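Engineer: Before I ask anything, here is the structure I am working with.
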Amino acid sequence: MGALFGVSLYYIATLQPDIATTREMQDLLLPIFKDWMIPFSAVPFGIGFIIFTYFVINGASNAVNLTDGLDGLAILPVVLVAAGLGAMAYVSGDVRFADYLHVPYIAYNSEVLIVCGSMIGAGLGFLWFNAHPAQVFMGDVGALALGAMLGTIAVMTRQEIAFAIMGGLFVAEALSVMLQVGSYKLRKKRVFRMAPLHHHFEEIGWKETQVVARFWIIAIILVILGLMTLKLR
């Protein structure tokens, strides 16, 4: 699915230049720096961009799925990141804001805000019943889909690095699993008492509600930092 979406965006960038130039749609924007980008558009046939898109979408999908291990832990960060990406999508879809904030202008991209708004509304409604003690659960289908949607929106707005900052909680959860598995296979030793990361804190004595509340606070801070990159250029 990630590769298919990458091919679709490449088609848009090359055959419909009225929406965005090939460079704007493909090159990786580096936050804080005004004109520095990683030139994926220089790779023939969009291969670099397609491969990168595949990893962003699939990585985000699995990272959210790994985070969904405690009542309410995953859904509020999903809502917060969706709100941050929605703001960035609106900015990139308005030529005046895009020019002022030095982000790629992508016509009609502000419409993505509608999708983000839907995720926010549905996520908050779900959180009402998913908060501890949970009455409903997201499951793999929900977590994988929500993560893929966030990754897709990040690619569409060309804010993948800012997305990694805002979704730093998801990144940490995924890295904790990778470190744990890699360390055990190579050294027969564990880095954490249990992975993903939220279970490690449970093992050292934190209550489930403590872990969730503190991870929520971290998610809020990271989303604010991600949004700050819009102005710090």
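Bear in mind that the values in this text are calculations on the coordinates, not laboratory data. All values derive from a computational prediction rather than experimental measurement. Note that we place each Cβ from the backbone using ideal geometry, even for glycine, and neighbour counts take in every protein chain shown.
Engineer: Would you grab the residues whose amide H sits under 5 Å from the one on Met37? Only those 5+ places off in sequence or on another chain, please, with H modelled 1.01 Å from N.
Structural biologist: Under 5 Å from the amide H of Met37 lies no amide H from a residue far enough along the sequence or on another chain.
Engineer: Could you give the dipole magnitude of segment 2-228 about its Cα centre, charging the beta-carbon of Lys and Arg +1 and that of Asp and Glu -1, in debye to the nearest 20?
Structural biologist: 820
Engineer: Let me ask something else about it. Take the alpha-carbon centre of segment 113-131, take the same for segment 152-174, and report the distance between them in whole Å.
Structural biologist: When both Cα centres are located, 18 Å separates them.
Engineer: Still on this structure, please answer the following. Which FRET efficiency, nearest 0.05, do Tyr11 and Ile38 yield, Cβ-Cβ r, R0 30 Å?
Structural biologist: In this case the efficiency is close to 0.90.
Engineer: Report the label-to-label distance for Asp99 and Ser183 in nanometres (one decimal), using points 7 Å from each Cα along the Cα→Cβ vector.
Structural biologist: Calculated label separation equals 5.2 nm.
Engineer: Shifting gears a bit: State the answer as a single residue: which of Ala154, Phe33, Ala63 lies farthest towards the positive end of the charge dipole of segment 21-180, with beta carbon charges of +1 for Lys and Arg and -1 for Asp and Glu, about the Cα centre.
Structural biologist: Result: Phe33, furthest along the dipole toward the positive end.
Engineer: Also: Can you tell me the Rg and Dmax of the chain, counting just the alpha carbons, in angstroms?
Structural biologist: Cα only, the chain: 18.3, 56 Å (Rg, Dmax).
Engineer: Further, regarding this structure: If we sort 197-206, 72-81 on the protection proxy, mean other Cβ atoms within 10 Å, highest first, what's the order?
Structural biologist: Highest mean packing first, the order is 72-81, 197-206.
Engineer: When the chain is treated as a GNM, springs tying every alpha-carbon pair under 10 Å, which of Ile57, Ile217, Ile120 comes out with the largest mean-square fluctuation?
Structural biologist: Greatest mean-square fluctuation among the candidates belongs to Ile217.
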